[in-house]
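What follows is a short report on a single structure.
The values are calculated or read from the model by the stated rules, or taken from the named source; none is laboratory data. Model, not experiment: these values are computed from the prediction. So basically every Cβ, Gly included, is an ideal-geometry build from the backbone, and we count neighbours across all protein chains shown. Protein only, heavy atoms only, side chains kept; ligands, DNA and RNA dropped before computing areas. Shrake-Rupley method; radii C 1.70, N 1.55, O 1.52, S 1.80 Å.
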Amino acid sequence: MYPKILICDDMVYSRTLLKNILDQIGQFIIVEVENGKDLMKELEKSQQKNSSYNYLFLDLEMRREDGIALLREVREIAPSLEVILSGGVSLTDENIKTGIDLGVKRFVAKPYKARNVRTIFKSM
């Protein structure tokens, strides 16, 4: 079975770019959501089906939502999910420290670049 990746980002362009990069890297089952509400629904649905995700790419800078607050919610229902936090200017030292405190081991700057995403998966 291929690893399952969930992408949560409110920008269609960013989701598409990341999906295209992931398709070049390897074979994954990729699901995209555009907001926290859909993210939580998808995680709950996958747990009910006993088909959990292996990875979550979570954008820190969505228009209507706080990525760190979403990360806290994710940790309540999926404490062992491998989360990769992504962002541009929001990838601050403070957000990185908070992410680490919440179990995040990997971070990636946006816009996504193939070499950066590839490095994430080589280090796992």
Problem - Heavy-atom surface of the chain, accessible at 1.4 Å and reported per residue (Å²) - result: 56 Å²
Problem - Fraction of accessible area attributable to carbon and sulfur, the chain (%, probe 1.4 Å) - result: 48 percent
Exercise for the section: Sticking with the crude label model, points 7 Å out along Cα→Cβ, report the distance from Asp101 to Lys41 in nm, one decimal please. Expected result: 3.2 nm
Practice task
Consider a paramagnetic label point 7 Å from the Cα of Glu73 along Cα→Cβ; state which residues of region 27-47 have an amide N under 19 Å from it.
Solution key: 31-47
Problem - Cα principal axis extents for region 59-123, largest first, Å - result: 31, 26, 19
Handout entry: Shape of the chain, Cα gyration tensor, a/c cut at 1.5
Key = rounded
Problem - Calculated FRET efficiency for the pair Gln48/Phe121, C-beta based, R₀ 35 Å, to 0.05 - result: 0.80
Practice task
Keeping every protein chain in place, order Met1, Met40 by accessible area at 1.4 Å, biggest value first, i.e. largest first.
Solution key: Met1, Met40
Practice task
Run the numbers on the chain and let me know its relative contact order in percent, using alpha-carbon pairs under 8 Å that are six or more apart.
Solution key: 25 percent
Problem - 15 Å beta-carbon shell around Ser90, net charge (K/R +1, D/E -1) - result: -4
Problem - Cα point-scatterer Debye curve for region 34-74, base-10 log of I(q)/I(0) at q = 0.29 Å⁻¹ - result: -1.07
